[in-house]
Amino acid sequence: MNRSPDNAALDRRDVVRTLLDHRGDLLVVSGLGSATYDVAAAGDHPLNLYQWGGMGGTAMIGLGLALAQPNRNVVVITGDGDMLMGLGSLATIAVKRPHNLSIVVLDNGRYGETGMQASHTSHGVDLCGVATACGFADVRLATNMAAVHEVRALLHATHGPLFARVVISTDDVPRVLPTRDGHAIRERFTRSLAGGGE
C-alpha cells in the first residue's frame, strides 16, 4: 500500500529546486498546473518546456523529445493527476526504452488544479508498481530528501527510462507563472535546443 501523501513532509518547491540544481543542458518538460509553477519557481530557463494544457500527455511529450534528441537527457516533472490520466504512456515508454528519459511524479494525492480532490494515489493506486509492471529500467520511491538527491543524480545518467514517485506535502504554495504563450514557449525552447539561445 502507498504511504499516504497527506502524511508527507516533503516540500514540493524544495524537491524541484533540488532536482534542477546545476541542471546543465537538461531538457525539462513540466506538467500542467503546479508542476509548471514549481519548475518556473526553480528558475526560468530556455530549455523548460512548460505545459499549460493537454492533461495526461506530458510523459508522451517527454518520450517524443527523448527519441528525437538521443544525446540529450530529458526529464518530465509532473503531478499524480496528469500521470494517472496518461497511464498508458508508461507502457509505451517502457517498450521504447529511451535511455535518456526520466519521469518524476510529484505525488500529493490530490488534483490541485480543480480543488484538491483526492486522486487515486491517495486511495492506494501504486504508480511505482505500474511503472515496474510496464518494465521501466529503474523505479524509485522518494519520501525524504536523501532519496530526492539520489534521483537528481540519476537525471544525468543514461540507463533509463527512470520512473520516480516523490511523495510531497499537500501544502498550498504561491503560484509562479511563466509565460502562458504556448507559441513563445515552443519557439524559445526550439531555438535553445538548436543552440541559438533565447
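Per the Kirkwood treatment, what hydrodynamic radius in Å, one decimal, follows for segment 5-193 from the mean inverse distance over all distinct Cα pairs?
One over the average 1/r among Cα pairs gives 16.1 Å for segment 5-193.
Would you grab the residues whose amide H sits under 5 Å from the one on SER119? Only those 5+ places off in sequence or on another chain, please, with H modelled 1.01 Å from N.
The answer is ARG110, TYR111.
For segment 1-100, taking Cα atoms only, what is the radius of gyration to one decimal and the Dmax to the nearest whole Å?
For segment 1-100, the Cα radius of gyration and maximum Cα-Cα distance read 13.7, 39 Å.
Just report the Cα centroid separation between segment 132-198 and segment 13-55, whole Å.
With segment 132-198 and segment 13-55 each reduced to a Cα centre, they are spaced 6 Å.
For n ≥ 4 DSSP H runs only, could you compute -39500 (n - 2.57) per run for the chain, divide by its residues and tell me the 222 nm figure to the nearest 500?
For the chain, the value works out to -10500 deg cm²/dmol.
For VAL76, list long-range residues whose amide hydrogen, built 1.01 Å from N in the peptide plane, is under 5 Å from its own amide hydrogen.
VAL29, SER102, ILE103, VAL104
Taking all pairs of distinct Cα atoms, average 1/r, flip it, and tell me the Kirkwood hydrodynamic radius of segment 53-154 in Å to one decimal place.
Computed over segment 53-154, the radius equals 14.1 Å.
Only the coordinates and a few stated rules stand behind these numbers; no lab work does. Only a predicted model underlies this, so the values are computations on that prediction, with no experimental measurement involved.
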